[in-house]
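Step one of this worksheet: look at the structure below.
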Amino acid sequence: MINRYIRAIAGIFIVISVLLGMYVNQNWLWFTIFVGANLLQSSFTKWCLMEDILHKFGIKKEGGCCSED
C-alpha cells in the first residue's frame, strides 16, 4: 500500500511542478528534477524519504508472505 502512495505522490508532484514550470516560472522545473533524482537514488539505496514521512503519518509498510520487508 505504501508503494501506491509514494507513486501517487511522486506523480502528483511531477505533474504540478511541470505545470507550474510552464505557466508560472521555469524555476519550478528544478522541483521536477529533485523528485526524479530522489526516485533514482531510492532505486539504488533502497531508502526513500517519502516512505519515512509516510511512516510518521502512520502508514505502515505492506506485509505478507511475498514481501522483502
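None of the figures in this text is laboratory data; all of them are computed from the coordinates on show. Predicted, not measured: the structure shown is a model, and the values here were computed from it.
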Note: the range 2-56 at 10 °C, 1.306 mPa s; Kirkwood Rh on alpha carbon pairs; Stokes-Einstein D in µm²/s works out to 135
Residue by residue through the range 5-13, which ³J(HN,Hα) values in whole Hz follow from phi under the Karplus form 6.51 cos²θ - 1.76 cosθ + 1.60 (θ = phi - 60°), with glycine and proline marked x?
-> 4, 4, 5, 5, 5, 4, x, 5, 4
